[in-house]
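**Student:** There's a structure below that I have some questions on.
The values are calculated or read from the model by the stated rules, or taken from the named source; none is laboratory data. Owing to the predicted nature of the structure, the values given are computational and were not obtained by experimental measurement. Note that we place each Cβ from the backbone using ideal geometry, even for glycine, and neighbour counts take in every protein chain shown.
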Amino acid sequence: MVLTILGTAALLAAAETIALHDDDFSPAAKADTTNPGSQTPEATSLSGKPLVSAPPTGEQKTRLEADLAVAQADYDRDPSSVDAAIWLGRRLAYLGRFRDAIEVYTRGIARHPAEARLYRHRGHRYITVRKLDEAIADLKRASQLVAGRPDEIEPDGAPNKAGIPRSTLQSNIWYHLGLAQYLHGDFQAALASYREGMKVSRVNDDMLVATSDWLYMTLRRLKRDAEARQVLEPIKEQMDVLENGAYHARLLMYKGLRTPESVLNLNTADDIQIATQGYGVGNWYLVNGDKVKAKAIYARVVAGKAWAAFGYIAAEADLKRGL
């Protein structure tokens, strides 16, 4: 049996230094590959491989488990609290315990069936474990529940260096819904979701570049190249991006202001850099007609350990579809 291990210590470092959207990566410890057979898979890849999360070690183990203990105590004091359920689920997921996180959200939904935040977070983690139909259903439900309501800032589980939350509930709902539909190969549905997402993603440049990146890729897949170029019009070299530098760099590449090699150097890139940038660069080659190079980059992405990254899942999906 082939096991893919999530190298989590490196992921935490990347989460603090490389631009990510919310918590696609689980900030836990580096993988121990000495005895992978004893570990229970958290998910199965789109190609059928079991995916295993590694336990944390050292200082990160102490911190992450302390955070989890606080979240568990808060939840135990008041299991009916939506906030307590959300934070317990998030803290579990940061340790790579995605199935446990989903179970917490499911219990929360049973108590609060009209709480959009629970569907948003469960939908996110359904994407992580490759249950795309379930993710789409949850995120659609979340979008229905927030319709006509004011948006709200979402607190960060892994704050940026400035300590300023940049994403919102509604932008995250549409972002993740569009992503799940994109991964499913339903680019028309993804386009509709990202169009909705753009309406609530102009609150700051971090959300603008995150949504713009996937919107651009979706339009290119649909061969709507003129509309894709319009997405790039607001993208400048100097933007107020605190978290999503990886998306910003790719958008500058799409715009011709950076080369693919400057965004991703396969000779020096580690698993984290390949996971964060590999899919965008590979997709750029794909939509510009170089399937051989795209497939080679995707293969490098899925050979790495960062299997919870959205780009990793997208590379799996494209490879499964035969590009």
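**Student:** Quick one: would you say Thr218 is under 27 Å from Leu46 (Cα atoms) and under 15 Å from the mean Cα position of the chain (by Cα)?
**Tutor:** So Thr218 does not fit the description; no.
**Student:** Any residue in the range 163-172 that is in contact with a strand residue (DSSP E or B) (Cβ under 9 Å, 6 or more places away or on another chain), more than 27 Å from Asp76 (Cα to Cα), in a loop (DSSP other than H, G, I, E, B) and touching a residue at least 60 places away in the same chain (Cβ under 8 Å)?
**Tutor:** So far as the range 163-172 goes, yes, one or more of its residues are in contact with a strand residue (DSSP E or B) (Cβ under 9 Å, 6 or more places away or on another chain), more than 27 Å from Asp76 (Cα to Cα), in a loop (DSSP other than H, G, I, E, B) and touching a residue at least 60 places away in the same chain (Cβ under 8 Å).
For (1) surrounded by 19 or more Cβ atoms within 10 Å (Cβ to Cβ); (2) more than 15 Å from Gly311 (Cβ to Cβ); (3) modelled with pLDDT of 95 or more; (4) under 19 Å from the mean Cα position of the chain (by Cα), each residue gets a yes or a no:
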site	(1), (2), (3), (4)
Ser201	yes, yes, yes, yes
Trp214	yes, no, yes, yes
Leu222	no, yes, yes, no
Ala228	yes, yes, yes, no
Gln238	no, yes, yes, no
Arg250	yes, no, yes, yes
Gln273	yes, no, no, yes
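**Student:** Can I ask one more? How many residues, within the range 146-162, are outside any loop (DSSP other than H, G, I, E, B) and crowded, with 18+ Cβ neighbours inside 10 Å?
**Tutor:** Counting residues in the range 146-162 that are outside any loop (DSSP other than H, G, I, E, B) and crowded, with 18+ Cβ neighbours inside 10 Å gives 1.
**Student:** Do we have any residue at all in the range 156-169 that's touching a helix residue (DSSP H, G or I) at 6+ places or on another chain (Cβ under 8 Å) and among the acidic types (Asp, Glu)?
**Tutor:** No: zero hits.
To keep it simple, each residue is scored yes or no on (1) of a type in the set (A, V, I, L, M, F, W, C); (2) touching a Lys or Arg at 6+ places or on another chain (Cβ under 8 Å).
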residue	(1), (2)
Gln60	no, no
Ala66	yes, no
Ala73	yes, no
Ala85	yes, yes
Thr106	no, yes
His112	no, no
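**Student:** Follow-up. Regarding the range 112-119, can at least one residue be identified that is surrounded by 18 or more Cβ atoms within 10 Å (Cβ to Cβ), closer than 23 Å to Ala71 by Cα and touching a strand residue (DSSP E or B) at 6+ places or on another chain (Cβ under 8 Å)?
**Tutor:** No, the range 112-119 has no match at all.
Okay, residues lined up against (1) closer than 30 Å to Thr57 by Cα; (2) part of a helix (DSSP H, G or I); (3) within 16 Å of the chain's Cα centre (by Cα):
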position	(1), (2), (3)
Gly89	yes, yes, yes
Gly96	yes, no, yes
Ala114	no, no, no
His121	yes, yes, yes
Arg125	yes, yes, yes
Arg130	yes, no, yes
Ala137	no, yes, no
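**Student:** Can you tell me how many residues in the range 51-80 are under 18 Å from Glu115 (Cβ atoms) and in contact with a helix residue (DSSP H, G or I) (Cβ under 7 Å, 6 or more places away or on another chain)?
**Tutor:** 5
**Student:** Look at Val231 and say whether it is within 17 Å of Gly280 (Cβ to Cβ), free of Cβ contacts under 8 Å to residues at least 40 places away in the same chain and out of contact with any Lys or Arg (no Cβ under 8 Å at 6 or more places or on another chain).
**Tutor:** yes
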